[in-house]
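I have placed the structure first, in the form of structure tokens, so that the comments after it can refer back to it.
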Amino acid sequence: MEKIIPLFFLIFIVGIAAYFLPTVFQAFNLEAGGAEGNKSEALALSANGGEFHQAIIHGLGSTPDIFDVEQSLIDDSVFYAATNRGLLISKDGGENWHAFSDLEKKIDGAAIYKTVANRTNPKQIFISASKGDKGFVYLTEDNFFSLKPIFEIKGVAVADLEMDDGYLLLGLSDGRIMRYIIGSDLFMPLAAFNSAVLDLAVGNGAIYAATKSNGVFKSYDGGKIFTTAGNGIGPVKRLTLENERRIYAASLSGVLRSDDGGDWISVKTAA
């Protein structure tokens, strides 16, 4: 599934330090650098196709650290934001946001890293969270009012979740990628790197993994074999697939693009 955020952009505000994931990840060995107090990401909304973006996060007081934003597959006006202060929900297209927790408070006070819906059954939404020294993946079928735990691990964060043709992929802070067969209790190891997996991009038979310190890896055979996706790219925080071969990466040097899964070029943006 390609990552598509129709209206929202995560804006990096404070130079290099803002590039790295917030210090809430420190217990899981996901921080990659940056000065304490200089971490800052904002949520921006465009109502004119991207020509102008306005920073928004109404109704929350101070701005949380935002890891990911996803749009509901059932209601286009509903968006979910994964933050270091829990799950945020907007029901008016992103104009206003409110904090939300399940009825049993399983994610109350937790850091939320990702939500992803099952496209074949949009009522099923998976959410990754960390609370205390444990990482969790939950499944909800009632819009987060109740959560069923499907994965729990001590000392490890589930930094990313992606759907892959009936499977759920988990990117872990210990460098592993796990594959979950939806509807079962079976989790299978897919790959292991010597660095935390920060982001996954999946689509058209390709799997890309961005790691904390070893760059980007790619697989075109469903995860049987991973190879390095180019050299010298440095740390990458986010990946977005346009198609099997063309991929975009948010790196220290700016936005990069690869058209062959190996050679990277800088993408120039409008001033």
With R₀ set to 35 angstrom, the calculated FRET efficiency between the beta-carbons of residue 225 and residue 181, to the nearest 0.05, is 0.95
Its Cα gyration tensor gives segment 162-271 an equivalent ellipsoid whose semi-axes in whole Å, largest first, are 24, 15, 12
Per the rule of 0.36 nm per residue minus the C-alpha distance, extending residue 119 to residue 152 adds in nm 9.5 nm
Here the net charge surrounding residue 144, from other residues whose Cβ is less than 14 Å away from its Cβ (Lys, Arg +1; Asp, Glu -1), is -1
Here the net charge surrounding residue 122, from other residues whose Cβ is less than 15 Å away from its Cβ (Lys, Arg +1; Asp, Glu -1), is -3
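Filter the chymotrypsin sites (Phe, Trp or Tyr not before Pro) in segment 194-271 down to the DSSP loop ones having no more than 11 other Cβ atoms within 10 Å, then list what survives.
Within segment 194-271, no chymotrypsin sites (Phe, Trp or Tyr not before Pro) qualify (loop, at most 11 other Cβ atoms within 10 Å).
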Once the in-chain neighbours fewer than 8 apart are removed, the lysines whose Cα is under 26 Å from residue 154 read 39, 105, 106, 114, 131, 134, 212, 237
Extension length gain for residue 95 and residue 268 (0.36 nm per residue less Cα distance), in nm, is 59.4 nm
Site residue 243, offset 7 angstrom along Cα→Cβ, radius 16 Å on amide nitrogen, limited to segment 251-265, gives 258-262
Charge tally for neighbours of residue 165 with beta carbon under 11 Å away, counting Lys, Arg as +1 and Asp, Glu as -1, is 0
Within segment 108-153, DSSP-loop chymotrypsin sites (Phe, Trp or Tyr not before Pro) with at most 13 other C-beta atoms within 10 Å are 145
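Taken together, the values in this text are just the output of simple stated rules run on the coordinates, not laboratory data. Since the model is a prediction, treat every value here as computed from it, not as a measurement. Reconstructed Cβ throughout: ideal geometry from the backbone, glycine too, with neighbour counts over all protein chains shown.
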